[in-house]
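Step one of this worksheet: look at the structure below.
The values are calculated or read from the model by the stated rules, or taken from the named source; none is laboratory data. Predicted model, so just to flag it, every value in this text is computed and none were measured. Heads up, the Cβs are rebuilt from the backbone with ideal geometry, glycines too, and the neighbour counts pull from every protein chain shown. Only protein heavy atoms, including side chains, enter the accessible area calculation; ligands, DNA and RNA are left aside. Shrake-Rupley method; radii C 1.70, N 1.55, O 1.52, S 1.80 Å.
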Amino acid sequence: MIAFTEEQEELRALVRRFLTDRAAVRTWMESEEGHDPVLWRRMADELGLHGVAVPEEYGGSGGGPVELGIVLEELGRVLLPSPFFATVALAGQALTAAGDDAAKSRWLPGIADGSLTATLAVAEESGRPDDIATTATNGTLSGTKMFVVDGHTADLLLVVARTGLFAVEGSAPGVSRTRLETLDPTRRLARIDFADAPAVRIGDSPPHKALDLAVVALAAEQVGGAQACLDMAVGYAKVRVQFGRPIGTFQAIKHKCADVLLAVEAARSAAYHAASAGDELPVAARVAGAYCSAAYTHAAKENIQIHGGIGYTWEHDAHLHLRRAKSSEQLFGAPAAHRARLADLVGIRAAG
């Protein structure tokens, strides 16, 4: 059982109440912006969510990965189309983890007050986060980044190159951005080409911690999505009647719901352990990345099975969760890649 503080529970309740009447997912995912700019401002001005994981000296509330995970879990429940994940969870944490005071002073206040959108560009043509070919030479960056979350609109691009982490303005010369058509309509991804684009190095160390924090943030969001699938499946099983009885009274449906419940609770434990893991972050992040990805996909599939044919229709939200689950499963490495990295970290080598 995970124990949250009273303040953390209040944060969860606040975000859930705020989103209940405002998450018009289908309207926003089909809009030109891909999100609701008014909601984006209200999340910053009324709730202060953009600064939840930003240190107080840079305009944030001084929370950490646990508080951010709570917010992301609630956003994942409603599949909110928003630059929040890219800006706050990816770029904001990467800046904080880099330990570069000048970079933090320059960009974190804008992230905290919602005036700046940003993202973290990691994967390239292969899609593997550890296969990096982008190079930095004499203050410029060259290469191609793929599957960059909100990369086509972000004001600031934090780019993982062979020699470290670099910041590039989205409107800088030498930057070409193309929105990709992908499986998940609620999260927009982009291809970004850099041709001698002016870049600023962030910190002096490889961005390993930033990548681990990105995996943990995604895991929290996946937990929220998996919980939504469970709630949706249980709710439908209570009201759908077959042979004169609710389908939830059938043993097969009970087993499916119970299996999903176990998967969701275990995923939540993995995600929040990783968020508070401290020095154990590299190992805990890979456990969370592997398990939460699989749990969300499992929950989304079982939800559709319980709903039957209606779950596959465009009008029903069940398929939107399956699309998000499958897309997120590949975002920072598939479960198999996380397990392979985990094996390296703990000194295990697979036979053969």
Q: Filter the stretch 276-319 down to the residues that are of a type in the set (Phe, Trp, Tyr) and assigned to a helix (DSSP H, G or I), then identify the one that is surrounded by the most Cβ atoms within 10 Å (Cβ to Cβ).
A: 296
Q | Meets criteria (open to solvent by less than 30 Å² (accessible area, probe 1.4 Å) and farther than 16 Å from residue 44 by Cα) for residue 78 | A | no
Q. Can you tell which of 143, 127, 174, 139 is on the phi > 0 side of the Ramachandran plot, in contact (Cβ under 8 Å) with a residue 12 or more places away in the chain, open to solvent by 40 Å² or more (accessible area, probe 1.4 Å) and out of contact with any helix residue (DSSP H, G or I) (no Cβ under 9 Å at 6 or more places or on another chain)?
A. 139
Q) Among 91, 53, which is the only one that is touching a residue at least 12 places away in the same chain (Cβ under 8 Å), under 24 Å from residue 268 (Cβ atoms) and buried (at least 24 other Cβ atoms within 10 Å of the Cβ)? A) 53
Q: Kindly indicate whether residue 68 is within 22 Å of residue 218 (Cα to Cα), buried (at least 20 other Cβ atoms within 10 Å of the Cβ) and touching an Asp or Glu at 6+ places or on another chain (Cβ under 6 Å).
A: no
Q.
Residues that are within 21 Å of the chain's Cα centre (by Cα) and at pLDDT 95 or above: list the strands (runs of 3 or more DSSP E) wholly contained in the stretch 150-224 that include at least 1 such residues.
A. 156-161, 164-169, 175-179, 189-198
**Q.** Failed item in (1) within 21 Å of residue 74 (Cβ to Cβ); (2) in contact (Cβ under 8 Å) with a residue 60 or more places away in the chain; (3) assigned to a helix (DSSP H, G or I), with residue 322 passing the rest
**A.** (2)
Q: Please find, within the stretch 177-198, the residue that is nearest to residue 319 (Cα to Cα) out of those that are of a type in the set (A, V, I, L, M, F, W, C) and open to solvent by less than 20 Å² (accessible area, probe 1.4 Å).
A: 189
Q: Being aliphatic (A, V, I, L, M) and without any contact (Cβ under 8 Å) to a residue 24 or more places away in the chain is the filter; apply it to the stretch 337-352 and report the residue that is nearest to residue 147 (Cα to Cα).
A: 340
Q. Can you spot a residue in the stretch 6-21 that is surrounded by fewer than 18 Cβ atoms within 10 Å (Cβ to Cβ), within 24 Å of residue 268 (Cα to Cα) and polar (S, T, N, Q)?
A. yes
Q) Which of (1) open to solvent by less than 70 Å² (accessible area, probe 1.4 Å); (2) more than 17 Å from the chain's Cα centre (by Cα); (3) in contact (Cβ under 8 Å) with a residue 60 or more places away in the chain; (4) within 24 Å of residue 183 (Cα to Cα) does residue 37 not meet, given it meets every other one? A) (3)
Q. Restricted to the stretch 225-245, and to residues that are hydrophobic (A, V, I, L, M, F, W, C) and outside any helix (DSSP H, G or I), which residue is surrounded by the fewest Cβ atoms within 10 Å (Cβ to Cβ)?
A. 243
